[in-house]
Amino acid sequence: PDSVTSIEYEAFSGCTSLTSLTIPDSVTSFGAGAFSGCTSLTNVTIGNSVTNIGSFAFYNCINLTNVNLTNSIANIGDSTFYFCVNLLSVTIPNSVTAIGEYAFYNCGSLTSITIPNAVTSVGSGAFLECANLTNVTIGDNVTSIGELAFAYCYNLTNVTIPNSVMSIGASAFAYCTRLADVIIGNNVTTIGTAAFSYCTSLANVSIPASTTNIQSYAFYSCTSLTTVWVP
């Protein structure tokens, strides 16, 4: 009801028959694991006052297909949608400034993601094993892409890393086997260990003048790589 202002830690965890959820505008936050393991949950509407989604909030909600994220949300916590394998699409609102570690891990039905300009960091493993992800747009204020952030996104074909990014984490795009085109922004200083390893479709790479450190195995087993431009 509208009198509720917060939903606490694991409040509805394991409610396996719960199919639909509407969180009213009175709620400002819900705790870690609040709806984890609600395996029959298919639709979620989040009220306009929620500012923070706790870690593991929708962990293992394997039948969740739709979720409405409102412009009040400032942070998507660690592992929030971890293993939501049937989540078809997510619109990350412009209010979000950070995407937590493993936030969308193994959301295998996601095909497209737009990271808005307010986001400054993409956490480690944020989109790890989103195997059907084909399009990613990274906002112009992201400064770091965490390790394994997009690893094993097998269907990802092209990525533009904006000029705001200063570091690409270890294995950030590892095993993106269809990644054929990557543009690395002009302010990247570090390309992490195995960052683009096993990107077997990658043919051309231009290293920006800002890069001072290319770590071990950064382009390991990029078997189609024919041209590398180093300033």
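The values are calculated or read from the model by the stated rules, or taken from the named source; none is laboratory data. Quick caveat, the model's predicted, so the values are computed rather than measured. Methodologically, a virtual Cβ is constructed for each residue, glycine included, from the backbone with ideal geometry; neighbour enumeration extends over all protein chains shown. With ligands, DNA and RNA removed, areas are computed over all heavy atoms of the protein, side chains included. Shrake-Rupley method; radii C 1.70, N 1.55, O 1.52, S 1.80 Å.
The requirement of being surrounded by fewer than 17 Cβ atoms within 10 Å (Cβ to Cβ), under 15 Å from Trp229 (Cα atoms), aliphatic (A, V, I, L, M) and in contact with a Leu (Cβ under 7 Å, 6 or more places away or on another chain) is not satisfied by Ala209. Scanning the range 35-76 for residues that are touching a Gly at 6+ places or on another chain (Cβ under 6 Å) and part of a loop (DSSP other than H, G, I, E, B) yields Gly37, Gly54, Ser55, Phe56, Asn60.
Would you call Thr200 touching a strand residue (DSSP E or B) at 6+ places or on another chain (Cβ under 7 Å) and open to solvent by 30 Å² or more (accessible area, probe 1.4 Å)? Working first, answer last.
Working: touching a strand residue (DSSP E or B) at 6+ places or on another chain (Cβ under 7 Å): no; open to solvent by 30 Å² or more (accessible area, probe 1.4 Å): yes.
Considered against the rule, which asks whether it is touching a strand residue (DSSP E or B) at 6+ places or on another chain (Cβ under 7 Å) and open to solvent by 30 Å² or more (accessible area, probe 1.4 Å), Thr200 comes out as no.
Within 22 Å of Val122 (Cβ to Cβ), open to solvent by less than 20 Å² (accessible area, probe 1.4 Å) and over 16 Å from the mean Cα position of the chain (by Cα): which single residue out of Val50, Val44 fits that description? Show your work before the answer.
On the way: Val44 fails: within 22 Å of Val122 (Cβ to Cβ).
Every option except Val50 fails the conditions.
Counting the residues of the range 212-223 that are open to solvent by 50 Å² or more (accessible area, probe 1.4 Å) and among the small types (Gly, Ala, Ser) gives 1.
State whether the residues of the range 15-36 include one that is buried (at least 16 other Cβ atoms within 10 Å of the Cβ), free of Cβ contacts under 8 Å to residues at least 40 places away in the same chain and closer than 25 Å to Phe150 by Cβ. Yes, that holds for at least one residue.
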